[in-house]
Amino acid sequence: MESVLYVGLDVHKSGLSIATAEGERVGEVKFVGEIPNTPSAVEKMVKNLQRKASQIEFCYEAGPCGYGIYRQIAALGLNCIVVAPSLIPKASGDKIKTDRRDAQKLAVLHRSGDLVSVWVPDATHEAMRDLVRARTDARSPERKALMFQLEQRFRDPTYLRRSDVTLDRLGYLIESSVHNWMHLRFSGVPPQDTENESVANDWLARPFSSHVNPYFWRLHGWIDDCITAWENARGESADFAQAWRAPMIAPPWDELEATSSMISASSSGHKSSAIATEPFFWTPQTVLDEVVSEVLN
């Protein structure tokens with residue numbers, strides 16, 4: 001006889017709480033434990049649960065952590081649904097909320113068929129949606145005020161003299177904040193034909209076309225001034241023997257890649273051409289939060 005195990009996951013950035021409910025309506029409901037929210041830990045958890053039942057049904061609430069866990073479980077050949085939080089049945093007197101109780105509740109409701117799943121976008125759709133949200137945020141007065149604070153800080157001699165503000169680090173901080181925000185703030189809307197290489201095709205994901213925009217030259221001229229301010233504050237000359245390096249923070253859109261040679265050619269004549277510019281001017285909120293914390297605190 002085939003055994004079924006329903007698994008509820010309470011997902012957070014740092015970890016997952018796991019609970020199971022056996023297939024029968026009166027089957028045992030058990031809290032399994034907590035694991036880190038990493039692909040290796042999730043894979044190990046799945047393999048352990050597969051030893052307990054021939055069929056496993058996973059579920060978790062839609063939230064800020066995205067759909068990575070869903071895609072990983074689906075890639076392992078198992079069923080998983082992402083649940084609409086607003087449609088989860090709630091008892092009127094149930095006001096105690098813990099990760100353990102939430103995971104157990106999800107497992108039980110999944111077993112009874114009382115959960116409503118949401119549509120899960122593929123990686124490209126999700127990246128585009130994040131991009132549109134980021135572009136909307138970039139135009140808010142609050143984000144503009146934050147970038148003004150960072151802009152002032154990047155020209156402050158006291159800050160630039162700090163031992164940890166190397167030229168390499170300064171480049172990464174500027175790239176991940178003001179630089180990407182400016183490109184996002186003043187980029188045009190996505191064109192219908194993303195393969196059209198017209199200079200009028202001024203779009204965030206096509207960096208070379210944004211070089212025809214006067215804001216681009218004003219921005220990179222400002223970065224040149226930041227480098228000069230760094231040199232003056234420290235009494236040394238910038239060494240451009242090596243490009244500024246930073247981790248890839250762009251959406252995984254292979255079809256929208258731009259070559260580094262194209263970017264370098266468009267940026268020639270500026271000190272800021274030393275920046276290892278990525279093919280997408282977009283910074284995840286988590287990365288921006290880390291930059292703000294480091295620079296303004």
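Listing for the model above:
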{"item": "Least to most buried among 161, 51, 111 (fewest other Cβ within 10 Å first)", "result": "51, 161, 111"}
{"item": "Computed Rg/Rh of segment 11-154, alpha carbon atoms with Kirkwood Rh", "result": "1.07"}
{"item": "Residues 181, 217, sorted so that the one with the fewest Cβ neighbours within 10 Å comes first", "result": "217, 181"}
{"item": "Whether segment 43-124 is rounded, prolate or oblate, judged on the alpha carbon gyration tensor where a/c under 1.5 counts as rounded", "result": "oblate"}
{"item": "For segment 1-94: rounded, prolate or oblate by the Cα gyration tensor [a/c cutoff 1.5]", "result": "oblate"}
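Each value in this text was obtained by applying a stated rule to the coordinates, not by laboratory testing. Given the structure is predicted, the values throughout are model-derived calculations rather than measurements. Virtual Cβ from ideal backbone geometry, glycine too; neighbours counted across all protein chains shown.
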